[in-house]
1. Evaluate the following for T60: is it surrounded by 14 or more Cβ atoms within 10 Å (Cβ to Cβ), in contact with a helix residue (DSSP H, G or I) (Cβ under 7 Å, 6 or more places away or on another chain) and closer than 18 Å to R90 by Cα?
2. State which residue is farthest from the chain's Cα centre (by Cα) when the search covers only region 157-214 and only residues that are of a type in the set (D, E) and at pLDDT 95 or above.
3. Loosely packed, with under 15 Cβ neighbours inside 10 Å, over 22 Å from the mean Cα position of the chain (by Cα) and modelled with pLDDT under 70 - does that describe any residue in region 76-96?
4. Inside region 161-214, can you point out the residues that are hydrophobic (A, V, I, L, M, F, W, C) and touching a residue at least 60 places away in the same chain (Cβ under 8 Å)?
5. Name every residue in region 47-72 that is more than 25 Å from E23 (Cβ to Cβ) and over 16 Å from the mean Cα position of the chain (by Cα), in order of residue number.
6. Anything in region 155-214 that is closer than 30 Å to S17 by Cβ, of a type outside the set (A, V, I, L, M, F, W, C) and assigned to a helix (DSSP H, G or I)? List them, or say none.
7. Just to verify a result, which residue in region 125-156, among those that are over 24 Å from L39 (Cβ atoms) and small (G, A, S), is farthest from the chain's Cα centre (by Cα)?
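The values are calculated or read from the model by the stated rules, or taken from the named source; none is laboratory data. Not measured: the values here are computed from a predicted model. Here Cβ is always computed from backbone atoms with ideal geometry, including for glycine, and neighbour counts include all displayed protein chains.
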Amino acid sequence: MSLTEELSLQTRRSLLSRLRDLEDRESWQTFFDLYWRLLYNVARRAGLDDVDAQDVVQDTVMAVAREIPQFHYDPERGSFKQWLFRILRRRVSDHFRRHYRQPAHAGISPEMLEETGDADAIVMRDGVSLSDAWNQEWERSVLDAAIAQVRAQANPKHFQVFDYCVLKEWPVAKVASTLGMNAAQVYLARHRVSQAVKRAARRIEVEWMKGRVV
């Protein structure tokens, strides 16, 4: 790794430390760009419409701003992933308490929220709990970040093979014909890029669990 790459990595890893400065707009924009879709997708799966889900995202980011001075990564106390989920869970729960009074909405009644105080009582439209939806969306976000990282580094034609075979699910024969390759070349390119994505996803998962940015 070059000195420039090392300095860049150190800068990215210091994001949460920089977020303690509420005037650091660039760092807060980076944080928002990284996590807003994750927060939004989970809120949407909880049954909120577009506007309400955006409100939950905004409320969650504001809560992070209030609580970030107290956050310090400690594996014995939990990961950044768990910390961020707890904040989102409270915001979703608060939103249902404030705005929803119909017992059938999203499979939860106001009484259930009052009794449990836990948004995991909310059953998603697809039948999973809020924490399950969070884990699924987290994994999807990690994979998206890994794919974007590999796309920027991989041989363009090899990545195109991965895109067609894995993301678009084209048959190998169609990919080979489209790109002017034989089947063996397609299999090899797909394997190489797939392995690179898996390695990138593992690295990103570790960094994100610690509240770092990759």
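1. yes
2. Looking at the filtered set, the residue picked out is E169.
3. Within region 76-96 (the criterion being loosely packed, with under 15 Cβ neighbours inside 10 Å, over 22 Å from the mean Cα position of the chain (by Cα) and modelled with pLDDT under 70), the answer is yes, since at least one residue qualifies.
4. Residues satisfying the conditions are I204, W208, M209, V213, V214.
5. G47, L48, D49, D50, V51, D52
6. Hits for region 155-214 are K198, R199, R202, R203, E205, E207.
7. The residue in question is A154.
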